[in-house]
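Remarks on the structure that follows.
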């Protein structure tokens, strides 16, 4: 590649990244997920303690009475209630906040409260219950069903969060919506009046829309969104081909120096997180695990040493490279790489704008994810069920993310070794080309 | 006291650079305050900064960032080789020069 074509391609990537990165709703979505991540990780940590360590049928059952373990588990259960089971509400609030900040809207508390209120307005506060052995089912009222506030309702949280916040900001900046009070009245009082009408109009609109939906289509908001948005999109993005495609495009962006989160943060992560939450809940309830592909699955098998499983590239350089500068950079990149931070090697070597290294950088995750997918599908390793921090070092991350399955760590090790040989031929060509250029 | 804000996707990889920049500043006995945040936290942080340095991987946010800071302080993208090689001294030098201008 000569310099002008390089620049041309880089500009095109930068243009797309700028558009996607600056799109205010997608940005707010990404920011919101960053805000709720600690709660996901807390839930993951709780899942590990409760269902690996405190499991009555597990190894602790021999040391402590199983009933005592069950009692202790209730701490973790309450944490799950406050994280996983209300994830949709957390998402809605976080999105509202970040959309306000990104729009430069100052009075953030008003739209946040509107969103929270609206979430409950569109949620049916009843659930059906049938006692064991009975064919009759009863409708229980005055409850907030967790099936609406947990992972499965997440897109309602996203959509209500975005719509209600935007609507509120529009309404409250409309002068006609503000009450004019003359006289010597403190600004705080005027402010409270100025949000009054927008709040009322906003919540009423959602209540009426939800009512009409119910009357005309006999459907609630949640069912509508899950039928027309969540299910079809999730089918595309978290099927193996769709998932590999989006991940590869994201890594290709990284190959041109643009962080992969521009692509995956908006197009993939919401779906991966939803799958993650589904899995954590199913694991906690001893149900069949529904998804192979999820957030921690990607981090565990495709972000070892950072994007592109670059830990393998470091190993390839340590063992096989003849270039001193490559070895020096790899030494420097080792510590960040152990925590899956790959920027030093990506920009330092560099991989960016270097076609010979971009190719394996994109291929390596396709290989590892495909292997891990089928290994999970045929039962060679347990499903990934625990959200781990993405900075958890490889080998350890496999063990933790699968709820303590050492075979996942072995698989990670095998993938790392094989990936060394995916990088190796490209590294050799790269070194030969650069040696020729230096002559 | 100069305040230098580094921004990247999650404030993780730039934090390695921050450490190296602090070291370089110490060696030259320059008084600086350097910290790293994610691009989502830019809004809460830029007002305390004299310059915003973007990691090259979020270089696409430059025009957006300039809009946020309203051209009150310089915004620049860190050279990607300096960034990858965690060349704290070079990045610090560029930043201080840009603040002076």
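Just so it is clear, none of the values below were taken in a lab; they were calculated from the coordinates. Here the structure is a predicted model, which is why all the values come from computation and not from measurement. Please note: Cβ atoms are built from the backbone with ideal geometry, for glycine as well, and neighbour counts cover all protein chains shown.
From the Cα gyration tensor of region A:24-231, with a ≥ b ≥ c the square roots of its eigenvalues, which class applies: rounded if a/c is under 1.5, or else prolate if a/b is larger than b/c, or else oblate?
On the way: a/c = 2.47, a/b = 1.72, b/c = 1.43.
Judged from the Cα gyration tensor, region A:24-231 comes out prolate (a/c at least 1.5, a/b above b/c).
Calculate the spin-label point distance for residue A:287 paired with residue B:97, positioning each point 7 Å from the Cα along the beta-carbon direction, and give it in nanometres.
Result for the modelled spin labels: 6.1 nm.
What's the extension gain from residue A:249 to residue A:72 if we count 0.36 nm per residue and subtract their Cα-Cα distance?
Details: separation 177, 0.36 × 177 = 63.72 nm, distance 4.52 nm.
The span from residue A:249 to residue A:72 would gain 59.2 nm if fully extended.
Could you tell me how many degrees, from 0 to 90 and to the nearest 10, lie between the Cα long axis of helix A:87-103 and the main elongation axis, the longest principal axis, of the Cα atoms of chain A?
Rounded to the nearest ten degrees, it is 80.
Can you sort B:46, A:72 by how many other beta carbons sit within 10 Å, fewest first? Before the final figure, lay out each step's value.
Numbers: B:46 21, A:72 16.
With the fewest neighbours first, B:46, A:72 line up as A:72, B:46.
Quick one: A:313, A:268, A:217, A:116, fewest Cβ neighbours within 10 Å first, how do they rank? Mind dumping the intermediate values first?
On the way: A:313 33, A:268 23, A:217 10, A:116 17.
Ordered from fewest to most neighbouring Cβ atoms within 10 Å, A:313, A:268, A:217, A:116 come out as A:217, A:116, A:268, A:313.
Antiparallel versus total DSSP beta bridges in the protein assembly as shown: what percent is that, nearest 5? All intermediate terms of the calculation are to be shown ahead of the outcome.
Numbers: 4 of 18 bridges.
Antiparallel: roughly 20 percent of the beta bridges in the protein assembly as shown.
Note down the nm distance, to one decimal, between modelled labels 7 Å out along Cα→Cβ at residue A:437 and at residue A:229.
My value for the distance between the label points is 4.6 nm.
Expected output is a single nm value to one decimal: the length gained when fully extending between residue A:193 and residue A:129, i.e. 0.36 nm times separation in residues minus the C-alpha distance. What is it?
Stretched out fully, the residue A:193 to residue A:129 stretch lengthens by 18.7 nm.
Taking springs between alpha-carbon atoms closer than 10 angstrom, which of B:55, B:11, B:84 fluctuates most in the Gaussian network model of chain B?
B:84
Hey, got the Cα dimensions of region A:1-102 along the principal axes, in Å, largest first?
For region A:1-102, the Cα extents along the three principal axes come out at 70, 38, 13 Å.
Please compute the contact order of region A:24-231 in relative form: average sequence separation of alpha-carbon pairs under 8 Å and at least six residues apart, divided by the residue count, as a percent.
Values: 233 pairs, mean separation 44.9, N = 208.
Taking the mean separation of contacting Cα pairs over the length of region A:24-231, I get 22 percent.
I want to make sure I understand the PRE zone here: with the label point 7 angstrom from the Cα of residue A:328 toward its beta carbon, which residues in region A:418-438 have backbone N atoms less than 15 Å away?
Counting only backbone N, you get no residues.
I need the P(r) histogram for chain A: all alpha carbon pairs, bin width 20 Å from 0 out to the longest distance, whole percents.
Taking every Cα pair in chain A, the percentages come to 22, 48, 25, 5, 0.
Compute the FRET efficiency between residue A:219 and residue A:81 as 1/(1 + (r/R0)^6), taking r as their Cβ-Cβ distance and R0 = 25 Å, and round to the nearest 0.05.
Values: r = 27 Å, r/R0 = 1.10.
Once rounded, the FRET efficiency stands at 0.35.
Cut-off 10 angstrom, C-alpha nodes, Gaussian network model of chain A. Which of A:279, A:81, A:251 fluctuates the most?
Taking springs between Cα atoms under 10 Å, the residue moving most is A:81.
Can you put B:47, A:288, A:132, A:343 in order, fewest other beta carbons within 10 Å first?
Details: B:47 11, A:288 8, A:132 4, A:343 30.
By the 10 Å Cβ count, ascending, the order reads A:132, A:288, B:47, A:343.
With 21 Å as the cut-off, how large is the P(r) tail for region A:294-426, expressed as percent of Cα-Cα pairs? The partial results should precede the final answer.
Details: 3059 of 8778 pairs.
Of all Cα-Cα distances in region A:294-426, 35 percent exceed 21 Å.
Roughly how many Å is it from the Cα centre of region B:31-101 to that of region A:175-242, as a whole number?
37
How far is helix B:13-27 tilted, in degrees, relative to the longest principal axis of the Cα atoms in chain B, given as a value from 0 to 90 rounded to the nearest 10?
40
Pairs of Cα atoms under 8 Å, at least six residues apart: use those to get the relative contact order of chain A, whole percent. Working shown, then result.
Working: 598 pairs, mean separation 66.3, N = 439.
Rounded, it is 15 percent for chain A.
For chain A, modelled as a GNM with alpha-carbon contacts under 10 angstrom, which of A:230, A:128, A:376 fluctuates the most?
A:128
Give or take rounding to whole Å, what are the principal axis extents of the alpha carbon atoms in chain B, in descending order?
34, 25, 20
Between residue A:374 and residue A:170, how high is the FRET efficiency from 1/(1 + (r/R0)^6) when r is the Cβ-Cβ distance and R₀ = 41 Å? Nearest 0.05.
Numbers: r = 49 Å, r/R0 = 1.19.
Efficiency at R0 = 41 Å is approximately 0.25.
How much mean residue ellipticity at 222 nm does chain A get from its helices, if each DSSP H run of length 4 or more adds -39500 (n - 2.57) and you divide by all residues, to the nearest 500 deg cm²/dmol? Please report the intermediate quantities before stating the final value.
Working: 20 runs with 298 residues, N = 439.
Here the helix-only value at 222 nm equals -22000 deg cm²/dmol.
Quick check: the angle from helix A:240-255's long axis to the longest principal axis of chain A, C-alpha only, nearest 10 degrees?
Compared with the principal axis, the helix lies near 70 degrees.
Could you give log10 I(q)/I(0) at q = 0.14, 0.15, 0.17 Å⁻¹ for region A:178-290, computed by the Debye formula over C-alpha point scatterers of equal weight, without solvent?
After summing over all Cα pairs, the log10 values are -0.84, -0.87, -0.93.
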